[in-house]
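Participant: Supplied in structure tokens, the structure appears directly below.
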Amino acid sequence: MILIIGGEAQGKRAFAEEKWAQSLNISEKIKDRGGISWVRGGLASWETFLQGAYVCEFHLFIRRLLAADPSLHAPAGIQGGRKRKSGCCLPDRHGLVSKLLAACPDRVLVTNEIGYGIVPLDPFEREYREETGRICCLLAAEAKEVWRVSCGLGQRIK
């Protein structure tokens, strides 16, 4: 897996497409449509996200898990594990990471880095920020490569 992190609107997906376009064997048809067809974590079902080779908005996927979004259709063991006062249903972090890696070990996963800045007052927002960071740490430990993108420029950090 290749993990790409960075702030909002920093060119993470464009960086990925440019960096790996040749090695990904992107067909001419896909190039005509403007690049890779990305699976979006804010919209995709569990199965679609699990099987996606190029997935973005991982942070929104985690938000949906925490909020126990019924449209996600996540398995009970992953979604809604430990209930918190904040209303979050904390996922099984290690189980989630294992399933993501087993389903598509060569995926390119793009996520916003949401841990910087002011700590939110809202308990749900704090849990969301914390869980996303901890899950990304687990993914980074297992990833072949980890990149941080800022202003469209990538820096390999693993």
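The values are calculated or read from the model by the stated rules, or taken from the named source; none is laboratory data. For clarity, every value in this text was computed on a predicted model and none was experimentally measured. All Cβ positions, even for glycine, are placed from backbone atoms using ideal geometry, and neighbour counts span all protein chains on display. In case anyone asks, the SASA skips ligands and DNA or RNA and just uses the protein heavy atoms, side chains included. Shrake-Rupley method; radii C 1.70, N 1.55, O 1.52, S 1.80 Å.
Participant: Taking the residues in region 108-127 that are over 21 Å from Ser150 (Cα atoms), out of contact with any Ser or Thr (no Cβ under 8 Å at 6 or more places or on another chain) and not acidic (Asp, Glu) as candidates, determine which candidate is least open to solvent (accessible area, probe 1.4 Å).
Facilitator: Pro120
Participant: Moving on to the next point. Give region 10-31 a look and list any residue that's over 22 Å from Leu139 (Cβ atoms) and either in a loop (DSSP other than H, G, I, E, B) or modelled with pLDDT of 95 or more (or both), or say none.
Facilitator: Ala21, Gln22, Asn25, Ile26, Ser27
Participant: Report, ordered by the first and then the second residue, all pairs with beta carbons closer than 6 Å, sequence separation of six or more or different chains, a first member in region 103-115 that is within 8 Å of Val55 (Cβ to Cβ), and a second member that is open to solvent by 30 Å² or more (accessible area, probe 1.4 Å) and small (Gly, Ala, Ser).
Facilitator: Qualifying pairs under 6 Å: Arg107/Ala53.
Participant: Between residues in region 54-67 that are touching a residue at least 24 places away in the same chain (Cβ under 8 Å) and under 11 Å from Leu96 (Cβ atoms) and residues that are in a helix (DSSP H, G or I) and acidic (Asp, Glu), which pairs lie under 7 Å by C-beta distance while being six or more apart or on different chains?
Facilitator: These pairs meet every condition: Ile62/Glu131.
Participant: If you don't mind, another one. Which condition number in (1) in contact with a Phe, Trp or Tyr (Cβ under 8 Å, 6 or more places away or on another chain); (2) over 26 Å from Arg156 (Cβ atoms); (3) at pLDDT 85 or above; (4) not in a helix (DSSP H, G or I) is the one that Val55 fails?
Facilitator: Val55 satisfies every listed condition except (2).
Participant: Can you tell me how many residues in region 128-152 are crowded, with 18+ Cβ neighbours inside 10 Å and either farther than 18 Å from Asp106 by Cβ or not small (Gly, Ala, Ser) (or both)?
Facilitator: Looking only at that region, the number is 11.
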